[in-house]
1. List every residue pair whose Cβ atoms lie under 7 Å apart, where the two residues are 6 or more positions apart in sequence or sit on different chains, the first residue falls within segment 24-44 and is over 18 Å from Phe75 (Cβ atoms), and the second residue, located anywhere, is open to solvent by 100 Å² or more (accessible area, probe 1.4 Å).
2. With the structure loaded, tell me whether Phe73 is aromatic (Phe, Trp, Tyr), in contact (Cβ under 8 Å) with a residue 60 or more places away in the chain and surrounded by 14 or more Cβ atoms within 10 Å (Cβ to Cβ) or whether it fails that test.
3. May I ask you to verify whether Gly52 is modelled with pLDDT under 80, touching a helix residue (DSSP H, G or I) at 6+ places or on another chain (Cβ under 9 Å) and surrounded by 20 or more Cβ atoms within 10 Å (Cβ to Cβ)?
4. Take the residues in segment 18-27 that are out of contact with any strand residue (DSSP E or B) (no Cβ under 6 Å at 6 or more places or on another chain) and not in a loop (DSSP other than H, G, I, E, B), then tell me which one is surrounded by the most Cβ atoms within 10 Å (Cβ to Cβ).
5. Quickly run through segment 1-16 and pick out the residues that are open to solvent by 50 Å² or more (accessible area, probe 1.4 Å) and under 21 Å from Met126 (Cβ atoms).
6. Tell me, yes or no, whether segment 37-49 has at least one residue that is in a strand (DSSP E or B) and either touching a His at 6+ places or on another chain (Cβ under 7 Å) or open to solvent by less than 60 Å² (accessible area, probe 1.4 Å) (or both).
Amino acid sequence: MIKAILIFNNHGKPRLIRFYQYFAEDMQQQIIRETFHLVSKRDDNVCNFLEGGSLIGGSDYKLIYRHYATLYFVFCVDSSESELGILDLIQVCHCCSIFIIIIKVFVETLDKCFENVCELDLIFHMDKVHYILQEVVMGGMVLETNMNEIVAQVEVQNRMEKSEGGLSAAPARAVSAVKNMNLPEIPRNINIGDINIKVPNLSPF
């Protein structure tokens, strides 16, 4: 099971953090710092697997990561997952598991949705990035690894948001329609015998 997904930049600043196991906030910050320390000091040509840090389970957990430009994508998984779907991938090394593919799919989906994703996209479109991640992983379990399926769901979500945007504009259209209606003018003074009643102007326009 995936315990955490961490994305941080080359300076260790977190850009997306998702824990699937409870940790107090101060412990989360320590885990992020320790994880960054572990992966940032490794050369780019070494294996993308290493044991989890002391704060997140040591040898019982694995950190699986990829370094893309200014960002580190790190998956922390327990030992039961590290044997899942072991693949013989030429591009990295023989111990690569399906999680390398999941990271690759996640990054390529971000690339497709943001047209060459960069660190700023993660900062200014955090809600969309979380939605894409939820299409791939939810509750620590992998849901989808087909990028085309993920992108299709994202496009459906985008259409729904545009549709809701149209609904949210409805009150403004209703106000405009009322303004343009030809309503008879309300009399401002009503005389009843010796009593003169002045009607206040109640129009909001």
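1. none
2. The answer is yes for Phe73.
3. Against the criterion (modelled with pLDDT under 80, touching a helix residue (DSSP H, G or I) at 6+ places or on another chain (Cβ under 9 Å) and surrounded by 20 or more Cβ atoms within 10 Å (Cβ to Cβ)), Gly52 qualifies.
4. Applying the filter and picking the extreme gives Met27.
5. Of everything in segment 1-16, those that are open to solvent by 50 Å² or more (accessible area, probe 1.4 Å) and under 21 Å from Met126 (Cβ atoms) turn out to be Asn10, His11, Lys13, Pro14, Arg15.
6. Within segment 37-49 (the criterion being in a strand (DSSP E or B) and either touching a His at 6+ places or on another chain (Cβ under 7 Å) or open to solvent by less than 60 Å² (accessible area, probe 1.4 Å) (or both)), the answer is yes, since at least one residue qualifies.
The values are calculated or read from the model by the stated rules, or taken from the named source; none is laboratory data. Keep in mind the model is a prediction, meaning the values are calculated, not measured. For neighbour counting, all protein chains shown are included, and Cβ atoms are generated from backbone atoms with ideal geometry for every residue, glycine included. Calculation scope for accessible area: heavy atoms of the full protein, side chains included, ligands and nucleic acids excluded. Shrake-Rupley method; radii C 1.70, N 1.55, O 1.52, S 1.80 Å.
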